[in-house]
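In what follows, a structure is listed as structure tokens, so that the remarks can point back to it.
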Ligand code: NAD
Ligand code: IPM
Ligand code: MN
């Protein structure tokens, strides 16, 4: 029997609350399937760990993670630890260290999920965001000169390599071709006169290899406007690291909220483990009350099963979430309900 080794990093705030529900579901699926098992090892890394030990993860953390099949992460970040430390020393270390250069984020309006846009049918909000996840605006290149002096200056570079742009754009074209959907590139070459001109050029070059894929290109400001005014124009979308970060929170807003937005950080070559996580953060405003919506975390478990090759289970999990939404009996407060995180997790479990 195949045993999938999963490293679980619940992290901070609502992270542990939603991860518990995701893992419960994953184990239930394994039991029901019967042909595979899950071995989970939990890591207590995060801000509490940092406050005790001065590190976000163990020194040999990456070494210990590297042989897992996947990582399931809750959220990172807590008041009391500067965000650039907590995120760079854990989440971004993993994304970069394991070359998880694809950040796959569905923006899909499920039946029963609230949409704040007027007169929009659920079919019109069905996008697959493919966010570059290894470089760009998040390369971590820059400097801070004359710190604290009157002539103080900071520089934050955007780093766009040919190899980095080509591989993410090619991944997006492959996805669009497989799904028979259009591909939209989002950039900003009118103002970012090196990085985004280069991005657009590479998009054009790669597109010649895929004459069967219909393409569109928008500037990021117009893209955000159209996502609200006319979301139906977007199917598969490829964009840079920072633009993808921002647009997928906007995407979450039009597809039911942060509690429903899932994401996968993929190393498509499978040389390293991929990481599955809700796209929301640690939500300190609601943490510790047992009311966080676990649906995003559960959806990311569905992405994990897709990645392992169990697409049927992935689809069944999504359908189970959808049935819970449609019934409307077990919903957390972000969706207008009064149920707890656990009650929603159990409702999904029952539907599966
Ligand atoms: P956030 O996503 O944590 O919260 C934004 C809003 O969405 C809040 O009102 C929150 O209550 C709500 N929300 C988020 N998840 C929810 C859920 N599952 N159910 C119901 N409501 C939910 O973003 P933020 O407040 O900007 O950031 C908080 C902390 O999280 C910061 O430290 C930030 O750096 C970190 N962060 C981490 C990740 C990650 O680990 N992947 C992602 C984003 C932010
Ligand atoms: C996300 C988060 C992270 C990002 C932060 C916490 C570094 O916002 O996963 O969307 O910007 O990638
Ligand atoms: Mn984000």
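The values are calculated or read from the model by the stated rules, or taken from the named source; none is laboratory data. These numbers were taken from a predicted model, which means no experiment stands behind them. Every residue, glycine as well, gets a Cβ built from its backbone with ideal geometry; the counts of neighbours run over all protein chains shown.
Screening residue 90 with (1) outside any helix (DSSP H, G or I); (2) touching a residue at least 24 places away in the same chain (Cβ under 8 Å); (3) touching a strand residue (DSSP E or B) at 6+ places or on another chain (Cβ under 9 Å) gives one miss only, at (1). The conditions of being more than 16 Å from ligand 1 (Cβ to nearest atom) and within 30 Å of residue 295 (Cβ to Cβ) are met by residue 227. Taking the condition in the same structural domain as residue 288 (by TED's automatic domain parsing) and either crowded, with 21+ Cβ neighbours inside 10 Å or not in a helix (DSSP H, G or I) (or both), does residue 59 pass? Taking the combined requirement at face value, the residue satisfies it. Can you name the residue in region 62-87 that is farther than 23 Å from residue 246 by Cβ, out of contact with any helix residue (DSSP H, G or I) (no Cβ under 8 Å at 6 or more places or on another chain) and assigned to a helix (DSSP H, G or I) and, of all such residues, is farthest from ligand 1 (Cβ to nearest atom)? Across region 62-87, the extreme among qualifying residues is 63.
For the residues 119, 140, the requirement of being in a loop (DSSP other than H, G, I, E, B), away from ligand 1 (no atom under 14 Å from the Cβ) and free of Cβ contacts under 8 Å to residues at least 12 places away in the same chain singles out 119.
Let me confirm something: among 22, 11, which residue is closer than 14 Å to residue 90 by Cβ, crowded, with 19+ Cβ neighbours inside 10 Å and touching a residue at least 40 places away in the same chain (Cβ under 8 Å)? Criteria check complete, one pass: 11. Does residue 65 meet the test of being touching a residue at least 40 places away in the same chain (Cβ under 8 Å) and either within 16 Å of ligand 2 (Cβ to nearest atom) or over 30 Å from residue 128 (Cα atoms) (or both)? Considered against the rule, which asks whether it is touching a residue at least 40 places away in the same chain (Cβ under 8 Å) and either within 16 Å of ligand 2 (Cβ to nearest atom) or over 30 Å from residue 128 (Cα atoms) (or both), residue 65 comes out as no. Restricting attention to region 213-231, the residues being over 21 Å from the mean Cα position of the chain (by Cα), farther than 17 Å from residue 171 by Cα and not in a loop (DSSP other than H, G, I, E, B) number 7.
For region 234-241, the criterion of being assigned to a helix (DSSP H, G or I), within 16 Å of ligand 1 (Cβ to nearest atom) and either in contact (Cβ under 8 Å) with a residue 12 or more places away in the chain or surrounded by fewer than 18 Cβ atoms within 10 Å (Cβ to Cβ) (or both) is met by at least one residue. Looking at 333, 284, 278, just one residue is crowded, with 24+ Cβ neighbours inside 10 Å and either within 11 Å of ligand 1 (Cβ to nearest atom) or at pLDDT below 95 (or both), and that residue is 278. For residue 71, the stated conditions do not hold, so it cannot be described as within 16 Å of ligand 3 (Cβ to nearest atom), over 30 Å from residue 329 (Cα atoms) and not assigned by TED's automatic domain parsing to the domain that holds residue 241. The requirement of being crowded, with 24+ Cβ neighbours inside 10 Å, over 22 Å from residue 134 (Cα atoms), within 16 Å of ligand 3 (Cβ to nearest atom) and at pLDDT 95 or above is not satisfied by residue 244. Scanning region 307-330 for residues that are touching a helix residue (DSSP H, G or I) at 6+ places or on another chain (Cβ under 7 Å) and crowded, with 18+ Cβ neighbours inside 10 Å turns up 313, 314, 317, 318, 320, 321, 324, 330.
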